[in-house]
Amino acid sequence: MLELKCLHKTFNPGTPDEVKALSGVNLTIADGSFTVILGTNGSGKSTLLNAVAGTFIVDSGSITLNGKDITFMPEHGRAAYIGRVFQNPFSGTAPDMTIAENLAIASMRGKKRRFLSALSRGAMREFYERVKALNMGLEERLDNNIGSLSGGQRQALTLLMACWNRPDLLLLDEHTAALDPKTAAKVLELTKNYIEKDRLTAFMVTHSMQQAVNLGERIIMVYKGKIIHDFSGAEKKSLKAKDLYELFEDIKRRELIDPATSEILKANYV
Amino acid sequence: MNLLLGTFTIGFILSLLAAGVLISFRIFNFADITAEGSLALGASTAAVLITSGAFGPAAALLISALAGAAAGVLTGVLHTKFKINALLAGILVMTALYSVNLHVMGKSNIALMNEETVFTSFNRLLSISESANKTVLILGFPASVKEAAAAALAFILASSGGALLYWFLGTELGAAMRATGNCPQMAAALGVNTELMIIAGLSIANAFAALSGALLASYQGFADVQMGIGMLVWGLASVIIGETLVRDKSVGFAITSAIMGSIFFRLLVAIALRFGMNPNDMKLMTALFVLAALVLPRIYKGGGRFAGAAVK
Amino acid sequence: MYSPAEYSKKIIYSLSKLAPALALIFCASAVLLLFSAAPVNRSQIAKFAIVCYSDTPISEDGVRGIKDGLKKHGYEENRNYKARVYSAHSDSAALNGIIDAVISEEFDLIFTISTPALQAALKKIKKTPIIFSSTGDPVGAGAGESFTRHAANVTGICSLSDFSGMINLVGEIAPAAQKIGTIFCPSEINSVLYKQRLEKAALEKGIKLEAVAASTAGEVADAAESLCAGRGVEIICQIADNLSAASFTAIIKASAAARIPVFGFVGSDAKHGAALSYAKDYYQGGIDSANLAARILKGESPAGMPFEYISKTTLIINKKAALSGGLKIPESVCRRADSIIE
Ligand SMILES: Nc1ncnc2c1ncn2[C@@H]1O[C@H](COP(=O)(O)OP(=O)(O)OP(=O)(O)O)[C@@H](O)[C@H]1O
Ligand SMILES: [Mg+2]
């Protein structure tokens, strides 16, 4: 179970570039649930995922994963519990290392790395089997540098690597956004399979309303660093892409009224 | 023949420096100038330990390497924990090492003329007399036994250093280190402590540089505080020339090519000197060699490639 | 994991990748080998190598002195001997390459200028005579146990300054002086040695030495200021090292402002504003080593030839600089001067 309490994060505080990227996020995610996050550009979705992953330490609030307070745990420490796939296919793999070497690094996530050969015979066999299961023919190219693969192939491998040792939490940040529709569908299919097979707790950012409607059992909408909508259960099931579009339109209308005016309106009418 | 043997000896000794430069330059993508200070630190430490007589020559080499490792840790900590630009951190530590080396030696130059070094120990192991200057025929050319032994020892040390590095970079930790340089975001996401990896990597790189310095001092018979100056360029030149000659960048080939680059580069310098090039032009020639090594592959790419491109 | 067929494939691949490098190394080695083994010009003409470590006026004076000295003994360059001058440009690895090249050229005599050049030569050259000039401390450099007991193929000229001579000058010119000063460079072995020797010579006459360290050219000016301010230094006796030689004007500036006279150990110091210079003449050092060379060429063994000091110390007086420093040089000293700048 993931519990976020009152998370705040301001980038570049006290400068003209100050951005309140998270302002009071409260959220509890049950084990084995698949949550989709929606929001306009710059609303703070990636920041929320990065806060959980430990890319930075939040200004205030607490993050608890499975009863353990990880608020101040460094990124590499949290990685023991968290698997991640990024939007950019280049971020999740080391291009100048072979597929096998990349997998070897992933297979040691959350374990103590030793002075033992990374590509032992047993490990290579396992790499071969699990890459074969991707059905992309990559199992014959384990000795090739990952840099020579396509973005979709890299993203599929990143997903495989993130789920190699069952993570307590899987963070997916628009991981299909940079792919062509066909590859995106394939990667999404893989994602669904992994989540279902290992009953993973997953957290996925997307811009596709259709994906949000089709996938997962909960939708969260983020706006200006806050959670403004939270649909789950029957409510989520009955949600249509059209409804989500309307909510977005609503946000856009709100944005047209500048903050100062809204302050005046509030003071006079509320 | 002695000229050739001497060239190979220096080439192998400096190939350890090249291996260190390979780590900082090719794994972490910046040329760590700490190596210049570490090289002199290794030489100073070895010279002091050897003249003190308290340690055997092999132990002296090992301790020198550890001293270099400590210097690397310092640069790594400045860079990762205090967020100082990597080049700047290297320059700072290199500058500081200049004074440290003076303190280590207590003066700026220590002579190792008749001391026991790894080279003399190796001679004793092979029952080669220090005083008698025996010659043998190698490939029909007369060669001093001592020079041949020195070249053999340098070869053994360089290849074991290279093999050790190859082994390490293939371990779970070594792979994590390479990933840290190649894609830090991925490494961190997969639980690699990237800061620790950078610190460890720089410490290994500088241990190699220090070892190279300790051997150079043992071989040439003195340690001088100014020994490291300009050495980073030699190391980079070796790495770059090696890469140009061996066009495969996987770990094993990269290490082999750095050693070969170091040898080839030394040979070019020796030929130039032997052919009576004006020594005043040597630095210019170095720059031209490296430039050629950088530019030629680009021109060459248009044409054919070496045979056997992708047999795996 | 791999079948034998795959193994052989791998080996073939590795060889194909390494082949160009191996071939080039092989060719380069062959060129070097054949060239160095080629019969050396066996003409009757003698061949001398002059190996310098760095490029400084001291090296240049030395080289000139050696050639002029040889001429006095009837050796004319390119007529009855050939000389090659090598400089390592302060680079250790290059120095070793030079020594290797020198060995393979089979010179008849090797001159070295400055300490590292001597050390690198000592380590590798055991037969060909080595004559050093301008090495401050040949014993410390490892050339022998003492000036008389030393390596069999080595002899040379030691460039140590005449410290007691300088202190005597101080006593004659300023009998009341209690404290002299100098700037030294901890990273130059000779600088530290000279500082110690000067200190010793001064103490023998009851004079104290104030020494301030500077490690880079930029620090010399600060060190000079600090030397001139409130330390009670009456005369600056600047020892001869590379650093202070390069930044001598900074020392002159600071001392002129404080009206403290400077005595220098480098010949050009007086011209550059020191009250006097009492300097080992490196040109003479070259001539002296040429004298040693001539004896060796006549058949004498270097083993029996003790190390010597540079035979000439030149006294140059700059009267104007002395006056502005508040000193009047006595007539007795002026008479001994090799030259006087009015
Ligand atoms: N490291 C950072 N430094 C400064 N500002 C940042 C940083 N990361 C994010 N921000 C700012 O925080 C805000 C939220 O950014 P975030 O990346 O979380 O948006 P997002 O919801 O993921 O948007 P998108 O849909 O475009 O990916 C933005 O205004 C962004 O400019
Ligand atoms: Mg984002």
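Applying a threshold of 8 Å to beta carbon distances and a minimum spacing of six or more residues, or different chains, the list of pairs starting in region A:47-59 at a residue that is within 14 Å of chain B (Cβ to nearest Cβ) and ending at one that is within 9 Å of ligand 1 (Cβ to nearest atom) and part of a helix (DSSP H, G or I) reads A:Phe56/A:Asn50. The helices (runs of 4 or more DSSP H) found entirely in region C:250-342 that carry 2 or more residues being closer than 30 Å to C:Pro129 by Cα and modelled with pLDDT of 90 or more are C:282-297. Does region A:192-211 include one or more residues that are at pLDDT 85 or above and small (Gly, Ala, Ser)? Yes; the residues of region A:192-211 include at least one that is at pLDDT 85 or above and small (Gly, Ala, Ser). Here the condition is being touching a Pro at 6+ places or on another chain (Cβ under 8 Å) and either free of Cβ contacts under 8 Å to residues at least 60 places away in the same chain or more than 25 Å from B:Leu236 (Cα to Cα) (or both); of B:Thr95, B:Thr120, it holds for B:Thr120 alone.
With the structure loaded, tell me whether A:Thr64 is under 24 Å from A:Ile219 (Cα atoms), within 16 Å of ligand 2 (Cβ to nearest atom) and not acidic (Asp, Glu) or whether it fails that test. For A:Thr64, the condition - under 24 Å from A:Ile219 (Cα atoms), within 16 Å of ligand 2 (Cβ to nearest atom) and not acidic (Asp, Glu) - is not met. Per the conditions (1) surrounded by 17 or more Cβ atoms within 10 Å (Cβ to Cβ); (2) within 16 Å of ligand 2 (Cβ to nearest atom); (3) away from chain B (no Cβ under 14 Å), the sole criterion not satisfied by A:Ile29 is (2). A search for C-beta distances below 7 Å between a residue of region B:147-175 that is farther than 18 Å from B:Val239 by Cβ and any residue that is in a helix (DSSP H, G or I) and among the acidic types (Asp, Glu), counting only pairs 6+ apart in sequence or on different chains, returns B:Ala175/A:Glu101. A:Phe90 satisfies every condition listed in (1) within 14 Å of another protein chain (Cβ to nearest Cβ); (2) over 15 Å from the mean Cα position of the chain (by Cα); (3) more than 16 Å from ligand 2 (Cβ to nearest atom) except (3). Residues that are acidic (Asp, Glu) and within 16 Å of ligand 1 (Cβ to nearest atom): does region A:174-196 have at least one? Yes - at least one qualifying residue is present in region A:174-196. Is it true that some residue in region B:18-33 is within 30 Å of B:Met260 (Cα to Cα), touching a Phe, Trp or Tyr at 6+ places or on another chain (Cβ under 6 Å) and at pLDDT 95 or above? Within region B:18-33, one or more residues are within 30 Å of B:Met260 (Cα to Cα), touching a Phe, Trp or Tyr at 6+ places or on another chain (Cβ under 6 Å) and at pLDDT 95 or above.
Of the listed requirements (1) buried (at least 19 other Cβ atoms within 10 Å of the Cβ); (2) more than 17 Å from the chain's Cα centre (by Cα); (3) within 14 Å of another protein chain (Cβ to nearest Cβ), B:Ala86 misses just one: (3). State which residue is surrounded by the most Cβ atoms within 10 Å (Cβ to Cβ) when the search covers only region C:207-221 and only residues that are touching a strand residue (DSSP E or B) at 6+ places or on another chain (Cβ under 6 Å) and not hydrophobic (A, V, I, L, M, F, W, C). For region C:207-221, the residue satisfying everything is C:Glu210.
If you go through region C:255-276 one residue at a time, do you hit one that is buried (at least 22 other Cβ atoms within 10 Å of the Cβ) and aromatic (Phe, Trp, Tyr)? Yes, region C:255-276 contains at least one residue that is buried (at least 22 other Cβ atoms within 10 Å of the Cβ) and aromatic (Phe, Trp, Tyr).
Scan region B:39-57 and tell me whether some residue there is crowded, with 24+ Cβ neighbours inside 10 Å, more than 14 Å from chain C (Cβ to nearest Cβ) and more than 25 Å from B:Ile156 (Cα to Cα). Scanning region B:39-57, I find no residue that is crowded, with 24+ Cβ neighbours inside 10 Å, more than 14 Å from chain C (Cβ to nearest Cβ) and more than 25 Å from B:Ile156 (Cα to Cα), so the answer is no. The residue that is nearest to C:Asp269 (Cα to Cα), counting only those in region C:57-111 that are among the polar types (S, T, N, Q) and surrounded by 22 or more Cβ atoms within 10 Å (Cβ to Cβ), is C:Ser59. Across region A:206-235, the qualifying residues are those that are among the charged types (D, E, K, R) and over 21 Å from A:Glu196 (Cβ atoms), and the one among them that is nearest to ligand 1 (Cβ to nearest atom) is A:Lys224.
Could you please find all residues in region B:224-236 being within 11 Å of chain C (Cβ to nearest Cβ) and not acidic (Asp, Glu)? Result: B:Val225, B:Gln226, B:Met227, B:Gly228, B:Ile229, B:Gly230, B:Met231, B:Val233, B:Trp234, B:Gly235. Selection of helices (runs of 4 or more DSSP H) fully inside region A:29-121 by the criterion of at least 2 residues being within 16 Å of ligand 1 (Cβ to nearest atom) returns A:45-53.
The values are calculated or read from the model by the stated rules, or taken from the named source; none is laboratory data. Note that the coordinates shown come from a computational prediction; the quantities given were computed from them, not determined experimentally. Every residue, glycine as well, gets a Cβ built from its backbone with ideal geometry; the counts of neighbours run over all protein chains shown.
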